[in-house]
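Structure record follows, encoded as structure tokens.
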Amino acid sequence: MGKYAEDLSELIRIKSISQDPSQVVNLDAVLDKIGAKVRVGLQGFETTMLQARDGGRRYPVLFATFEGEPGAEEVVAYNHADVQPEMDLAKWKGEAPFSGAHGYNVIKGRGATDDKGPLLAVLYALKFLIQRDALKNRITLMYETGEESGSPGIEAVVQEARDRKIIRNPSHVFVSDTEFKEGHPNDTVSLRGIVTLHLGLSYASGTIHSGIYGDIVPNPLEILPTLILHLKNVWTGQSYVGNAQDLEEDRTDVATLREAAQYLTAEGLRNAAGAYALRTNDVLTALKKVGLHPTLTLHNIAGGVEGTGVPASAEASVSMRLVEGQDPEQAVREFMQDLNEGFARYTREEKVPQLYGGVERAQRSIDPHDPKYKRLIFPGKPCTIEVEVGHKIGAFKTGYDTPYHRLAHEAYRKAGFEKEPVRVLDGGTIGAMTILQKAFGKELPFVLFALSRDDDGYHQEQEHFHLDHARKAIKAAVHYFAGLQDVAKTA
């Protein structure tokens, strides 16, 4: 695995953070590097670079196509090459996040497991088959660099790829951007959607003396999180936004999770998260929370001051994970409405403090296409909350009773993974999935072929990818792509 390890380190060293506008040169660089590896190692693949554009920014997308035998089925194989920011440098424990350092049986660094390690494993598998003249299907590789930013502009790119016959008529989509759970390969059949919002609240022109004025001037650093957190139960995680608490659980989905719960443990989930405790130790309840329930999550509060002053303003970042049946535009409108209705909506024994002068109901005519909304939350001046809306991605669900999913299970077994694949409903989001499904129809199967371990540090500091796992991941992908021709014969 020496060459694989070196190649992965090389990709990690390219700081391809899509959320940082200054890093677009690295988005180009990482796809240039991948394109070079495709052209050298995958004889017969033709590469094409397209550009996803959104709000003055661009996110390059690399396609690589292999024609295969005449009449063979087409497979779209998706990965992304952008990564999360490094976050808290201190928690990397001395390791540079973008060094691609080699540890014992691991390659360390941001993007190692999400998604550069799996991306490279698929590339190596295809290289193995190409060298043996064993790749028969038409393969369209799709490498995105905007996934961690919500896949902006990807819909137009998919349409352009169709217009240019880069993508033609795929039999299914193969995605290696999910993870194992407790040693079990995940057969993911759904993903949650996401809406992200940034809120700002100003209540003064500058920092205020807390002794002289602190009791008579509202504190935005107290008000803003209070407004947000009254829209959820912080102990159970239940979101109260819109109709979130009234959504019914699909019986088939519950049965799927009940079966998965037999293989998993609360301790395993807690360890994989790196958490000290879970909100529940009942595995089925935990899986329902992840796969079937919408969320409201407070990610960040900013605006504090040093010393004893009252801050003039505060900012907050929040997200809502959405499940099947929730529309992202409607979720934004409901959040705005519920935020405006104030503190007391679900804690009815409380009364809205008179300090704030009551609560003004939200206007219902919110333009979902306006990138920034402004609403007067409290009457009087000058308390205004500004809300910027970021990602707006719907939930995703695929059928799973297909020969491709059965082939995936068999590929894991042949690769030497000892534990049985487990069908799950995942709580994460991959924006391109909803776009591809919209383009090709809900009947198109998606095989979310997990190649990462759940203890690899997805979106965490000290992210890494295990080399012994990578070896089996390559074998599993080899068996999958080699087996496609047999699926076509029996279909």
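Where a number appears in this text, it was derived from the coordinates with a stated rule and is not lab data. Being a predicted model, the structure only gives us computed values, none of them experimental. Heads up, the Cβs are rebuilt from the backbone with ideal geometry, glycines too, and the neighbour counts pull from every protein chain shown.
Quick one: which of LYS93/LYS475; LYS3/LYS414; LYS116/LYS442 span more than 26 angstrom between C-alpha atoms?
Where the Cα-Cα span goes over 26 Å, the pairs concerned are LYS93/LYS475; LYS116/LYS442.
Can you tell me how segment 1-60 classifies by the Cα gyration tensor, rounded, prolate or oblate, using a/c under 1.5 as the rounded cut?
Oblate, since a/c reaches 1.5 and b/c is not below a/b.
Taking the Cβ of LYS127 as the centre, find all other residues whose Cβ is under 14 Å away and add up their charges (Lys, Arg: +1; Asp, Glu: -1).
Around LYS127, the charge tally is +3.
Please give the helix 24-41 orientation as an angle from the longest Cα principal axis of the chain, in degrees from 0 to 90, rounded to the nearest 10.
Its long axis makes an angle of about 10 degrees.
Using alpha carbon centroids, what distance separates segment 381-452 and segment 1-47, in Å?
Taking the Cα centre of segment 1-47 as reference, the centre of segment 381-452 is 23 Å away.
Where does the charge balance sit around HIS172 when Lys and Arg score +1, Asp and Glu -1, over other residues with C-beta under 14 Å from its C-beta?
Combined, the nearby Lys, Arg, Asp and Glu give -1.
Angle, helix 220-229 long axis vs. longest principal axis of the chain, Cα atoms, 0 to 90°, nearest 10?
60
Taking Cα extents along the principal axes in Å as the quantity of interest, determine which of [x] 79, 47, 46; [y] 66, 57, 40; [z] 68, 55, 48 was computed from the displayed structure.
The value computed from this structure is option [x].
With runs of 4+ DSSP H residues as the only contributors, calculate the mean residue ellipticity of the chain at 222 nm using -39,500 (n - 2.57) per run, divided by the residue total and rounded to the nearest 500.
-9500 deg cm²/dmol
Toward the positive end of the charge dipole of segment 74-177, about the Cα centre and with charges on Cβ (Lys, Arg +1; Asp, Glu -1), which of GLN159, TYR78, PRO170 goes farthest?
Checked the options; the winner is PRO170.
Could you state the angle between the C-alpha long axis of helix 154-163 and the longest principal axis of the C-alpha atoms of the chain, as a value from 0 to 90 degrees rounded to the nearest 10?
With both axes taken from Cα atoms, the answer is about 30 degrees.
Give me the percent of DSSP beta bridges within the chain that run antiparallel, rounded to the nearest 5.
Bridges in the chain are about 75 percent antiparallel.
How about segment 1-110: which chymotrypsin sites (Phe, Trp or Tyr not before Pro) there lie in a loop by DSSP and see at most 15 other Cβ atoms within 10 Å?
Taking segment 1-110 and a limit of 15 other Cβ atoms within 10 Å, the loop chymotrypsin sites (Phe, Trp or Tyr not before Pro) found are TYR104.
Which GluC sites (Glu not before Pro) in segment 194-300 sit in a loop by DSSP (not H, G, I, E or B) and have at most 15 other Cβ atoms within 10 Å of their own Cβ?
In loop regions of segment 194-300 (DSSP not H, G, I, E or B), the sparsely surrounded GluC sites (Glu not before Pro) are GLU248, GLU249.
Along Cα→Cβ, 7 Å out, is where each label goes; now give me the distance between the ones at LYS419 and THR265 in nm to one decimal.
Here the answer is 1.0 nm between the modelled labels.
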